[in-house]
Amino acid sequence: MIQTTRSNLVASDAQLEITQIKSVIGGKQNQRDTLRSLGLKRIGHTVVRNADAVTVGMLNTVSHLVKVEEAK
């Protein structure tokens with residue numbers, strides 16, 4: 001399992017399974033926009049994305065709202 005801390009999450013060739021675990025209600029607008037850009041719409045929703053530099057940067061912005069695992 002890949003941890004969602006800034007020091008552990010790095011760009012690679014891996015596929016990441018990203019699940020929203022917390023609500024964005026009361027959050028900052030840029031965090032809401034980042035979750036929508038990742039394709040997440042609600043708590044419990046999961047998407048699979050490549051671990052490129054853009055995705056890793058977005059995940060570092062909302063690391064407290066998501067759970068990240070390496071896709072099988």
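All of the numbers you see were taken from the coordinates with simple rules; none came from a lab. Given the structure is predicted, the values throughout are model-derived calculations rather than measurements. A quick note on method: Cβ atoms are made from the backbone with ideal geometry, for glycine too, and the neighbour counts reach across all protein chains shown.
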(request) Report the FRET efficiency, 1/(1 + (r/R0)^6), for Ala71 and Ser37, where r is their Cβ-Cβ distance and R0 is 25 Å, rounded to 0.05. (result) 0.85
(request) Provide Rg over Rh for the chain; use the alpha carbon set for both Rg and the Kirkwood Rh (inverse mean inverse pair distance). (result) 0.92
(request) Please give, to one decimal in nm, the separation of the simple spin-label points placed at Gln29 and Val48, each 7 Å out from Cα toward the Cβ. (result) 3.5
(request) Would you list, by chain and number, the aspartates and glutamates whose Cα falls below 15 Å from the Cα of Lys22, excluding same-chain residues fewer than 8 positions away? (result) Asp33
(request) With a 10 Å radius around each residue's Cβ, average the other Cβ atoms per peptide and rank 56-66, 24-34, highest first. (result) 56-66, 24-34
(message) If I fit a long axis through the Cα atoms of helix 29-38 and take the longest principal axis of the Cα atoms of the chain, what angle between them do I get, 0 to 90°, rounded to 10?
(response) 50
(request) Please get the size of the charge dipole for the chain, origin at its Cα centre, with Cβ charges of +1 on Lys and Arg and -1 on Asp and Glu, quoted in debye to the nearest 20. (result) 400
